[in-house]
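Report on the structure given below.
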């Protein structure tokens, strides 16, 4: 008995060394999905605004286009692809009833009733998640972006209970094995933190538009809601738009043009 | 002296115990850790002594300023600018964590949990596999 245990421990030790050595193997040369590394010059051209917001031409957002935006976003931010109810969502699609439950649309036009709506964090003006966060891991930037400092998140999930839009996801497990398209320039997350859309704050910092806006080719309009000459304000002036669950009182910065 | 036959051996045993580590390390030379420095680079963001003493404070400041204040450009003492990024700036030059970070951290027994989330280099091809035995910070 003693001998077999000894053998087993030896084998276990050798396997552990093997696993340790295996960790060096993935240091490759060419990045899998990333473009060139942004430098100081890129960061000096960062986009600035008083209140970032988005308008969505929902009629133009076909399920295929939503999927394209979702893939672009999830690839950029290393969002894992976990099947089932442990999934992580930054950008996703849902029906009218799920997206606008307070509209109580009884006799909806069939086209709107069957339309899929793109959903993401609403980047609220008075965000519930920021109010309930006990560590200030979720905070609001002066430009309106509701951002997460993953370093501070303790995984209490108050924000998930607070958010009226289901825009937050919890990492029930190490997300790394589920990352299909890997971007080495953006960090991953660890088990036990909450995550959500950050309006591509890291891309705005290098003067680029958010991933979904770029992928949508005009169906998503992004800009400064505080600037009346901005694209997004121009679009909102010309089209009737609604916001999700306005009676929740959080004042979303994402507008849906029906 | 009362009970000298107990006390004196006791004191000798105690002193032997206290000085055992000194005796153990006698003649082993100076305590030194040699991390492998990048061959194609001469200067780090600050001089070597500052980096040795304060890299943890600098990284902590970088993370707060970059994430919370959106200030992502670091101006060093010589006026040169760098992007505040652990993976994309530090690890661009110090490409091998095991030959740089780990050399000191392992020796002095600290396990910073940077790599639970951050990538090892900006050229990494796939995410870091699952850590065994809680190696990455142990939580």
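Values quoted throughout were computed directly from the atomic coordinates according to the rules given, and no laboratory measurement underlies them. Predicted model, so just to flag it, every value in this text is computed and none were measured. Counting neighbours? That spans all protein chains shown, and the Cβs are built from the backbone with ideal geometry, glycine included.
Observations, loosely collected:
- The distance from the alpha carbon centre of region B:7-22 to that of region A:63-112 is 71 Å, rounded to a whole number.
- Net length gained if the chain between residue B:3 and residue B:30 were fully extended (0.36 nm per residue, minus Cα distance): 5.5 nm
- Tilt relative to chain B, helix B:4-25 - C-alpha long axis, 0 to 90 degrees, to 10: 30
- Counts of other chain beta carbons within 10 angstrom of each beta carbon in peptide A:201-207 average 2.
- For region A:194-258 versus region B:59-136, the gap between their alpha-carbon centres in whole angstrom: 32
- Sorting the Cα pairs of chain B by distance into bins of 10 Å, from 0 upward, gives 9, 30, 26, 14, 10, 7, 4, 0 percent per bin.
- Evaluated at q = 0.17 Å⁻¹, a Debye calculation over the C-alpha positions of region A:150-258 (equal weights, vacuum) places log10 I(q)/I(0) at -1.07.
- Rotationally averaged projected area of region B:2-46 (alpha carbon convex hull; nm²): 6.1
- In region B:4-116, Cα pairs under 8 Å separated by at least six residues give a relative contact order of 27 percent.
- Those residues of region B:25-53 whose amide nitrogen sits under 17 Å from the label point placed on residue B:69, 7 Å along Cα→Cβ: none
- Expressed in units of 2.2 N^0.38 Å, where N is the residue count, the Cα radius of gyration of chain A is 1.18.
- Max mean-square fluctuation residue, GNM over chain B, Cα-Cα springs under 10 Å, options B:27, B:70, B:109: B:27
- Between 0 and 90°, nearest 10: helix B:48-63 axis offset from chain B longest Cα axis: 60
- Among A:241-253, B:13-25, A:118-130, sorting by the average number of other beta carbon atoms lying within 10 angstrom of each residue, highest first, gives A:118-130, A:241-253, B:13-25.
- Peptide A:167-178, shielding by other chains (average Cβ, 10 Å cutoff): 2
- Full-extension gain in nm, residue A:48 to residue A:108, via 0.36 nm per residue minus C-alpha separation: 17.7 nm
- Mean partner shielding of peptide B:78-87, defined as the number of other chain Cβ atoms within 10 Å of each residue Cβ, is 3.
- Each Cα pair under 8 Å and six or more residues apart adds its separation to the average, and for chain A the resulting relative contact order is 30 percent.
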